[in-house]
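Okay, so here's the structure we're looking at.
The values are calculated or read from the model by the stated rules, or taken from the named source; none is laboratory data. A quick note: this is a predicted structure, and the numbers were derived from the prediction, not measured. Virtual Cβ from ideal backbone geometry, glycine too; neighbours counted across all protein chains shown. Note: accessible area is taken over every heavy atom of the protein model, side chains too, but ligands, DNA and RNA are not part of it. Shrake-Rupley method; radii C 1.70, N 1.55, O 1.52, S 1.80 Å.
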Amino acid sequence: MPLAPDSPLCKPAAGDMKDSQLQQFPHRRFNPLSREWVLVSPHRTQRPWLGKTDKNAPANSVEYDPTCYLCPGNERAGGVRNPPYTSTFSFDNDYPALLRDSPRFAVNDADLFVAESEVGICRVACFSPRHDLTIPIMSHHAVREVVDAWSEEYRELETIPWIRHIQIFENRGALMGASNPHPHGQIWATASLPTIVVKELSSFEEYRNKKQSCLLCDYLRLELARGERLVCQNDGFVVVVPYWALWPFETLLLSRRHVGALREFSLEERDLLADILRQTTIRYDNLFETPFPYSMGFHQAPLNGPAHTECHFHGHYYPPLLRSAAIRKFMVGYELLGTPQRDITPESAAERLASLSGIHYSCRDTSSP
Ligand SMILES: [Zn+2]
Ligand SMILES: [Zn+2]
Ligand SMILES: [Zn+2]
């Protein structure tokens, strides 16, 4: 396991020199959560931005779509009809990736053919009855209702003794494989811990054992002091382009308070979470003046087992767009076989996102020239 801080190359260098080298020359950055590296090649993008945005009109323009299986009152697969819901609405996925009561089994043949059963619950959470809305164009009140719905789903699922982990996430946009433009997310509750969560847990634990503090509390404190990767913040949350960001405009959402899960937030913090979700996604949409595709989700402490007080609640946004609504980043070639790579530095991505308006482009006065 590579541990960056112990590398012989980690000699202290004069701050300015070090920073300017990072903006000019190829280097690798270490992700202390995943303990993987990302290759940064800033010399490939030293030309200035040309401002090309390839503006796209929002994909959905109707408030209600009679053919949408998520709209209120419509029929879903198998003949189930949605209630005429007026705020949020959650239900068991009609085509779940995991089943609640499939048989338990394990296979191990020579340590080479290894498998085990997995059980889980897959929920769908509609954010709004309106087919044409998304988080960045929903009202603060409506997004707060989404946060409340997630919290409620979490509270109910965590009472099921075999559930060890709850993954709340959203795939936005056809580019991310979202099958329906109706604003919705998913909640997968599983009996085992997901791969990435296991990696992060051991990073949190190892960091705490070594430094007697929290990896993300320490990281947040340094990011706030340095200021060069901050995108937006409020009294409860901070969003940065992480130092080790892999996707061009990847961001990391951090709670200011060291809490492990949604249930620990006060009502005021739920309000602040709704606010930061809007602030972040409005900037994303404003970047190329297009509904910005992404996968996002929260990482929280595991459940129904040993307490994991080392965990720090956070969210990841992974958007694929690179230079315009039409140009996306692909993970191919060297990235699939070796190490992921990016061109624009996390610092310049953060600077661009932070400089954007907190008002959604579709709400701006378009009558002036
Ligand atoms: Zn719909
Ligand atoms: Zn912490
Ligand atoms: Zn994480």
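Pulled fully out, how much extra length does the chain show between Ser34 and Ile196, if you take 0.36 nm times their separation in residues and subtract their Cα-Cα distance?
My answer for the length gained is 57.6 nm.
Extension gain Ser41-Glu206, at 0.36 nm per residue separation less the Cα-Cα distance, in nm?
Full-extension gain reported as 56.4 nm.
For region 201-218, in order, what is each residue's ³J(HN,Hα) by Karplus, 6.51 cos²θ - 1.76 cosθ + 1.60 with θ = phi - 60°, in whole Hz (x at glycine and Pro)?
Using θ = phi - 60°, the values come out as 4, 6, 5, 4, 5, 5, 5, 5, 5, 7, 10, 6, 8, 9, 3, 7, 5, 5 Hz.
How many lysine pairs does the chain hold where the Cα atoms are under 24 Å apart and the two sit 8 or more places apart or on different chains?
Eligible lysine pairs with Cα atoms under 24 Å apart amount to 6.
So what's the gap between the Cα centers of region 287-314 and region 244-270, to the nearest angstrom?
The two parts, judged by their Cα centres, are 7 Å apart.
Express the Stokes-Einstein translational diffusion coefficient of region 141-222 in µm² s⁻¹, to the nearest whole number, given a Kirkwood radius over alpha-carbon pairs, 37 °C and a viscosity of 0.692 mPa s.
It comes out at roughly 212 µm²/s.
In the neighborhood of Pro291, defined by Cβ-to-Cβ distances under 9 Å, what is the net charge if each Lys or Arg adds +1 and each Asp or Glu adds -1?
Overall, the nearby charge balance is 0.
How would His308, His258, His43, His360 rank on accessible area, largest to smallest, probe 1.4 Å?
From most accessible down to least: His43, His258, His308, His360.
Separation of region 60-110 and region 172-220 by C-alpha centroid, Å?
Centre-to-centre (Cα) distance: 23 Å.
How much length, in nm to one decimal, is gained on full extension between Asn180 and Asp111, taken as 0.36 nm per residue of separation minus their Cα-Cα distance?
Value of the extension gain: 20.8 nm.
Please check which bits of region 126-153 a label hung off Ser266 would reach, taking the label as a point 7 Å along Cα-to-C-beta and the cut-off as backbone N under 18 Å.
Residues 148 fall inside that zone.
If you count only protein heavy atoms with a 1.4 Å probe, what accessible area per residue comes out for the chain, rounded to a whole Å²?
Normalised by residue count, the accessible surface of the chain is 50 Å².
For the chain, what % of the accessible area comes from carbon and sulfur atoms, probe 1.4 Å?
The nonpolar share, carbon plus sulfur, comes to 57 percent.
Any idea of Ser355's accessible area? Nearest 10 Å², probe 1.4 Å.
90
Could you work out how far apart the two model spin labels at Tyr64 and Gln23 are, taking each label as a point 7 Å from the Cα in the direction of the beta carbon, and quote it in nm?
The answer from the label model is 5.4 nm.
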